[in-house]
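The values are calculated or read from the model by the stated rules, or taken from the named source; none is laboratory data. Source: prediction; values computed, not measured. Cβ placement follows ideal geometry from the backbone for every residue including glycine, while neighbour counts extend to all protein chains displayed. Accessible surface is based on the protein model in full, side chains and every heavy atom, while ligands, DNA and RNA are left aside. Shrake-Rupley method; radii C 1.70, N 1.55, O 1.52, S 1.80 Å.
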Amino acid sequence: MKRRKKQLKEVKSIRTENESDRWNLSLDFQSDLVAFDKVEVQPTPIGGMRSFMIWVGDNFVFPEAAIKREVNGIVEVAFIVEKDGSLSHFDVKKDLGYGTKEAALELLKGAKKWKPGLVNGKPVRVAYTLPIRLNLKK
C-alpha cells in the first residue's frame, strides 16, 4: 500500500527548528507546507548552518538608531524554505526595535537558496525560524 503525504490544511501553528517556537500561518499558502518534525531531511543553507551564520554576522547592517542605543538581544525571523530552496513569506516574530526588524528582513531576503527539506526523497516546503543574536558590546 502506497503511503500518502499528509498535508496540513487547517494548522494554526507548526513546529519549527526549536520546539518552543511557534509560527501562526495564514491559510492561503500552507496547504502544501510540511511540519518541521515530519521532514526526513531538514532544509539547510548551502555550505552549512555555521557558514550561513558567519554570513549573517558579516552582512547584518546595524541601524544607526540601534547602535546609538546599544541594542542587544535576539531578532527571530520565521520564513518558508520553498521546494526550490528559495526563502519566502518572511515574518519577524521577535523584534528589538530601532530598525533591527527591517535590517534582518533585508538581510534574509538577500540570502542564497538553501537545500530544501525532503520527504520521500522529494523537496517540500518547510517553515523555519531563525534567531539572529545582536550584540554591540565590545
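Other residues whose C-beta falls under 12 angstrom from the C-beta of V61 contribute a net charge of -4, scoring Lys and Arg +1 and Asp and Glu -1. Here region 85-105 is scanned for amide nitrogen atoms under 16 Å from the site 7 Å beyond the Cα of K112 along Cα-to-Cβ, giving 85-87. Pairwise Cα separations in region 71-136 fall into 5 Å bins from 0 onward with the following percentages, short to long: 4, 18, 27, 21, 13, 10, 5, 2, 1. Ligands, DNA and RNA left out, the accessible area of region 54-94 computed with a 1.4 Å probe is 48% carbon and sulfur.
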